[in-house]
Amino acid sequence: ISRPSLYIGGCVIAWGLTSALTGVTHNYGGILATRMFIGLPEAAFYPGTIYLLSRWYTKKELAFRSCILYGGLLISNAFGALMAAGILHGLEGARGIRGWRWLFYIEGAITIFIGLNSMWLLPDYPHNTRWISPFERQLAQARLAEDAGEADQDNDSDSPWKGLLMALKDPKVILFCVMNASQLLGLSFVNFFPTLAATLNPNFSTTIALLLAAPPWIFATVTCIASAWHADRTGERYFHIAGWWWAVIVGFIIALCTMNTAGRYVSMFLMAIGYSGFAMTLVWVSNVIPRPPAKRAAAIGLVNGIGNLGNLMGSYVWKAEWGPEYHQSMIVSLVALALSTVLALVIRQLIIRDNKKLDTDERAAMEGADRTRVEEAARLEGITFEQAMERRKGFRFLY
């Protein structure tokens, strides 16, 4: 895709349009159809935006920027609940239209408006963005070349299919896929968060439950961005991801031990901040698989796509008949996050092993380099090929 601004903007417009059309459905089949089709543009959006960010920011800048993006999703969980509370309460029956239909019309229209504007506000890649100067274009490319020791570009032989095959052959990509699926199974409570808020007190109305669901996500947004800022400052990845899963596990343990309103509400805050770890997952994938871009794009897509099987499984974990305690649901989710922790630790050890190999054998760094991309990096940075190869020796993976 040569113009990601049009691609991503188009996905957002299609996403909003499909969401708005949910409001005109009149039966189960209609709702099922819109839910099926809304997944197509939605699936393209998040990995596409993470990949685009990785084409502009270095490995120690990417986490913070990506988590600002992901913070938009977290804060939407808060304000989406507040909007839903206001619309369902204030527009029920307005002009003879049910409140839930108004909810889809209004939110879908807002999404379409944002998508139309993003098509000309978003950049494309550093080499073809229309509204930056030639100096800025070269600077953006040189920064990434210096960061990895190679130019951030595909060679003629680096086709999307080759990138996909390279990603599938990399054991770290497979581990990331399983880890992400396990992680999203553990975090699948997100789809039932208002339901969990309603279990705090059987006397709470739908409006009160939606209002109570908002503060944990506001707290999670702040936590997510602060964690990512610190992760970029330190270059550390594993504990900035897995550490938040451990907070969710503590939240599950609290909820398993009590039905006290205050205790369960505290546990919801701990559950919500678990998404601070998920927000860093594709960033870590991008850091570990920097070149060629075709492989990085395929890896991001695979990890995101296969990982969403965790959400699919999660929809069967939070059964209504297990409420209001949801003990079985929380135990399954807790075990899934424990598995994610182990898999992330294995990935971390593999990266440490690779870095030690680079530390002890300079030839390993040279053998892993692509001559064409190193030559392009030398041209962009205004240095000789030999100097570019020396810089390439200093490249290390983040863990």
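Worth a mention:
- Residue tally, condition polar (S, T, N, Q) and either within 22 Å of the chain's Cα centre (by Cα) or open to solvent by less than 20 Å² (accessible area, probe 1.4 Å) (or both), over region 118-157: 2
- Candidates are the residues of region 65-96 that are touching a residue at least 40 places away in the same chain (Cβ under 8 Å) and touching a Gly at 6+ places or on another chain (Cβ under 8 Å); the one that is most open to solvent (accessible area, probe 1.4 Å) is 89.
- Among the residues making up region 239-264, none is at pLDDT 95 or above and hydroxyl-bearing (Ser, Thr, Tyr).
- Selection status of residue 307, within 19 Å of the chain's Cα centre (by Cα), crowded, with 18+ Cβ neighbours inside 10 Å and farther than 30 Å from residue 162 by Cβ: no
- Residue count for region 96-109 under the criterion of being among the β-branched types (Val, Ile, Thr) and under 12 Å from residue 83 (Cα atoms): the result is 1.
- Where a residue in region 31-47 is open to solvent by 80 Å² or more (accessible area, probe 1.4 Å) and its partner, wherever it lies, is of a type in the set (Ser, Thr, Tyr), with Cβ under 6 Å and at least six apart: 37/18
- Evaluation of residue 162 against (1) in a helix (DSSP H, G or I); (2) more than 23 Å from the chain's Cα centre (by Cα); (3) farther than 15 Å from residue 298 by Cβ (one fails), failing number: (3)
- Residue, modelled with the lowest pLDDT, within region 167-194, restricted to residues that are under 22 Å from residue 271 (Cα atoms) and of a type in the set (Val, Ile, Thr): 190
- Leading residue by the ranking (nearest to residue 243 (Cα to Cα)) among those in region 158-188 that are surrounded by fewer than 22 Cβ atoms within 10 Å (Cβ to Cβ) and either free of Cβ contacts under 8 Å to residues at least 60 places away in the same chain or among the aromatic types (Phe, Trp, Tyr) (or both): 174
- Entry remark, region 267-285: residues being open to solvent by less than 10 Å² (accessible area, probe 1.4 Å) and either more than 15 Å from the chain's Cα centre (by Cα) or under 14 Å from residue 397 (Cβ atoms) (or both) number 6 in total.
- Condition check for residue 55: surrounded by fewer than 21 Cβ atoms within 10 Å (Cβ to Cβ) and either of a type outside the set (S, T, N, Q) or at positive phi (or both): no
- Candidates in region 364-398 are the residues that are open to solvent by less than 40 Å² (accessible area, probe 1.4 Å), over 31 Å from the mean Cα position of the chain (by Cα) and among the small types (Gly, Ala, Ser); of these, the one that is modelled with the lowest pLDDT is 364.
The values are calculated or read from the model by the stated rules, or taken from the named source; none is laboratory data. Worth saying up front: this structure is predicted, and the values here are computed from it rather than measured. Glycine gets a Cβ as well: all are built from the backbone with ideal geometry, and neighbour counts include every protein chain shown. The area values use the complete protein model at the heavy-atom level, side chains included, leaving out ligands, DNA and RNA. Shrake-Rupley method; radii C 1.70, N 1.55, O 1.52, S 1.80 Å.
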